[in-house]
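Just so it is clear, none of the values below were taken in a lab; they were calculated from the coordinates. Bear in mind the structure is a predicted one, so any value in this text is a computation, not a measurement. Cβ placement follows ideal geometry from the backbone for every residue including glycine, while neighbour counts extend to all protein chains displayed.
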Amino acid sequence: MKDLVIVILGKEQDFKLNDNIQVIYSDGSNIKELVEKTHCKYITFIKEEDRIDKTYLEKVTEKIKEDFDCCFINYIIDYEYKNNMKVLTDPKELKDIYPYAEEYIWSFIFNRNKLFNILNVKTNKGINEIIEKEFEKRTAIGDIIYFHNPKGKKLVHNFMYTDIKRNEYYKNIIYFSTNCDGTFNGYISWVRNIGRCFAKKYDITMLYDSLNAKMARSFESYGIRCVKRSYTVNYMCDRLLVSYSDYHYPKNIFALEENYMFIHGNMSDYPNSAHYKNDIYSKYIGVSKITAKKAEGYFPTKKIDHVLNPFKIDNEAVKPHLKLVSAQRSSKIKCPERIEILANILDELEIPYTWNVFTDVNEGTNKGGLVYRHRTSNPMPYINDADYFVLLSDSEAMPYCILEALSLNTKVIVTPLPTYKELKIKDKTHGTIIPFKYFEKENKDKLVELVKRIYKDKDKKINFKLDTTLFDEYNNIFTR
């Protein structure tokens with residue numbers, strides 16, 4: 001039995017081998033059958049159009065003396081020119097970890113028995129997910145010894161090809177990878193401020209792998225075009241800006257003039273994540289002087305420029321924060337589901353809000369600005385700080401919490417209960433009274449318009465004075 005079998009996907013090549021290594025050839029269509037009939041400890045794959053370093057066999061031979069389930073072989077995408085445009089290389093440095101989704105099956109040495117067992121299990125998982133879950137003992141060859149030439153095609157999962165179908169051109173591209181999905185992230189502020197400062201003057205497109213729809217709309221409101229990247233498209237631009245978080249040059253984006261890497265991030269990350277072997281960017285730019293200084297030695301250049309991020313706040317676009325509070329016992333008659341209905345509308349309208357709900361039983365799950373809290377004996381500081389106190393009950397005898405809120409000149413949001421007429425509480429004067437029927441699905445549009453009014457009137461002042469004669473009867477209850 002051989003220690004290693006090298007499967008060449010394609011035509012016969014001239015290989016000088018030792019006794020422990022065997023070469024066989026395949027067109028890629030019978031991999032499962034091929035692995036089943038092969039007797040060896042390890043198996044690896046090479047494509048006929050690719051190149052391997054002269055030290056390939058030496059390093060692979062040394063590596064297979066170890067015991068592992070799979071070994072990742074470091075590689076470079078090897079295409080220097082395409083359509084007379086320079087295409088920058090994409091080096092990878094990995095140590096004892098599994099590769100990312102767009103990396104390739106021929107960059108592995110597999111334990112043959114382990115691979116054979118997995119090929120006999122029907123699964124919808126991709127090769128990299130299988131490696132992560134099934135190949136427990138992983139290792140890597142860190143030196144770059146494999147050079148892949150895709151010739152306009154990309155190998156994905158189980159030896160299937162997908163063709164590059166078209167080219168798209170954008171003047172200026174900012175590229176966001178899957179590391180930036182639009183949540184709390186400094187890169188989001190970076191792009192947002194670029195949009196505020198420059199999008200009206202320059203044609204800017206953000207090409208992204210993962211970005212939520214809300215954040216995309218935010219960027220587009222400043223004039224930045226947002227386009228989801230496709231692996232079947234070649235993207236061309238005059239200028240390319242890439243964030244440091246993306247680490248490596250995107251494979252299918254071609255800069256005709258210049259490309260820039262902006263170095264953000266925690267400077268303690270540099271030793272672990274800056275793995276550039278070639279000077280693949282026109283300029284490396286730190287976002288502060290200290291960033292540029294600390295990055296020296298970790299990037300393939302002797303000069304790292306620095307520039308402060310553009311910064312501009314559009315005051316008109318900054319919505320005020322709506323503060324709501326409720327304090328109620330857990331009861332069906334209190335209709336806690338109406339709180340969820342209003343909160344969902346606030347989320348849909350993208351109104352920034354915090355809604356503290358004090359209750360003895362957690363009525364739901366915290367989401368958006370809705371926060372369920374343990375009951376408190378003194379909610380008054382929260383009521384005093386709120387824009388509105390909210391109580392959406394089906395019935396109330398004497399809602400003291402509403403009187404407490406109004407006594408602090410905090411507006412209220414309530415349902416049309418008879419007791420509020422008795423207390424002389426009026427819609428628009430003391431807050432908002434929501435008709436019961438507005439909570440029905442067919443009347444959602446009316447409720448939405450009412451929520452917009454609530455937000456618009458959040459800073460409207462009230463001056464509530466309770467008619468103390470309502471409590472005169474208490475004078476007859478006590479004796480001196």
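The table for this structure:
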| quantity | calculated |
| --- | --- |
| For LYS41, LYS201, order by how many other beta-carbon atoms lie within 10 Å, fewest first | LYS201, LYS41 |
| Least to most buried among MET380, MET398, MET215 (fewest other Cβ within 10 Å first) | MET398, MET380, MET215 |
| Net lengthening on full extension, GLU296/LYS367 (0.36 nm per residue, minus Cα-Cα) | 21.3 nm |
| Mean Cβ count within 10 Å, highest first, over the residues of peptides 347-359, 442-454 | 347-359, 442-454 |
| Cα-projected label distance for THR469 with GLU168, points at 7 Å along beta-carbon direction, nm | 7.3 |
| Sorted by Cβ neighbour density within 10 Å, fewest at the top, the residues VAL242, VAL307 | VAL307, VAL242 |
| Length added when fully stretched, THR232-LYS441, from 0.36 nm per residue minus Cα-Cα | 71.0 nm |
| Gain on full stretching of the segment that runs from SER288 to ASN193 - 0.36 nm per residue minus C-alpha separation | 32.6 nm |
| Simple label model, 7 Å out from Cα along Cβ direction - ASP67 to LYS421, nm | 8.5 |
| Centre separation in Å (Cα based) which lies between region 329-343 and region 375-432 | 15 |
| Using a Förster distance of 56 Å, the FRET efficiency for ILE333-SER210 (Cβ separation, nearest 0.05) | 0.80 |
| Length-normalised contact order of region 319-456 in % [C-alpha pairs under 8 Å, at least 6 apart] | 23 |
